[in-house]
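Some notes on the structure that comes next.
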Amino acid sequence: MKRWLAACLARLLAPRVVYGFRHADGRWLAHTRVSTHTHIGTPAQLDIGDHVFIGHFNLIDASGGLRIGEGCQITNYVSVLTHSSHDAVRLMGRAYWGAREHVGRLQRATELGDYCFVGPHSVIAPGARLGRGVLVQAYCHVQGEVPDFAVLAPGAPGEPARIVGDTRRRDAPWLLRHPQVRAHYEAWAGKLGPEWSRDEG
């Protein structure tokens, strides 16, 4: 009986992905999926698109304003941040708690453009702005402006992620082999020029 009860509890408490999400403005996003084991802080400040996937064990901090565009995928163990208090706590010590003004506290809006992918164990820093179609590899620390279609790889220890490629180069061979999906791709990515129209294998 105890084993059965433990198995039932484990199944009930295990991470699950829930289909459908209520946007702060009341819209129902039927194709957006969010894990039961992800924390969304200040959801009223979250502007999220449909067809978004947010996996297990993520921190989604929307307190400073956060936009997650249509079709974004946020894997597991990711922090998407719009504020940072570590400087303020260090500067103010015990006076931080209950203070009306927090010297050194950073708060900036963050944005993930449409159809971005964020790999596991990555941090999207406050104020980062990712263009559409960006691919963030695992273990990246992303800061500042990231252009459309960038592929980001981890930087040296303590350094931000660096651009190492373009997702259109990855996507072009697939689109050539499967022309039936090209119109869907170009609906959000725009028309691909001739430089992306050859298969480099």
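Which residues' amide hydrogens lie under 5 Å from the amide hydrogen of residue 37, considering only partners 5 or more residues apart or on another chain, with H built in the peptide plane?
Counting only residues 5 or more places away or on other chains, the set is 16, 57.
Would you kindly derive the ³J(HN,Hα) couplings of the range 14-22 from the backbone phi angles with the Karplus curve 6.51 cos²θ - 1.76 cosθ + 1.60 (θ = phi - 60°), listing them in order in whole Hz, with x for Gly and Pro?
5, x, 9, 9, 9, 7, x, 8, 8
By how many nm would the segment from residue 109 to residue 139 lengthen if fully extended, with 0.36 nm per residue of separation less the alpha-carbon distance?
8.6 nm
Using a Förster distance of 22 Å, how high is the FRET efficiency between residue 37 and residue 5, based on the Cβ-Cβ distance and rounded to 0.05?
E(calc), rounded to 0.05, equals 0.55.
Just to verify a number: FRET efficiency for residue 159 and residue 79, C-beta to C-beta distance, R0 = 30 Å, to 0.05?
For R0 = 30 Å, the calculated efficiency reads 0.95.
For the chain, calculate the relative contact order in percent as a whole number, restricting contacts to Cα pairs under 8 Å that are 6 or more residues apart.
11
Highest mean first, what order results for 40-46, 132-138, 53-59 on Cβ atoms within 10 Å?
Order by mean packing, descending: 132-138, 53-59, 40-46.
Go ahead and set up a Gaussian network model of the chain, Cα springs under 10 Å, then flag whichever of 131, 93, 155 fluctuates most.
93
Name the residue farthest towards the positive end of the dipole of the range 9-166 from the options 28, 112, 133, assuming +1 on Cβ of Lys and Arg, -1 on Cβ of Asp and Glu, about the Cα centre.
Of the listed residues, the answer is 28.
Here, each number is a calculation from the coordinates, and none is a lab measurement. This structure is a prediction, so every number in the text was calculated from the model and none was measured. Cβ sites come from the backbone with ideal geometry, for glycine too, and all protein chains shown count toward neighbours.
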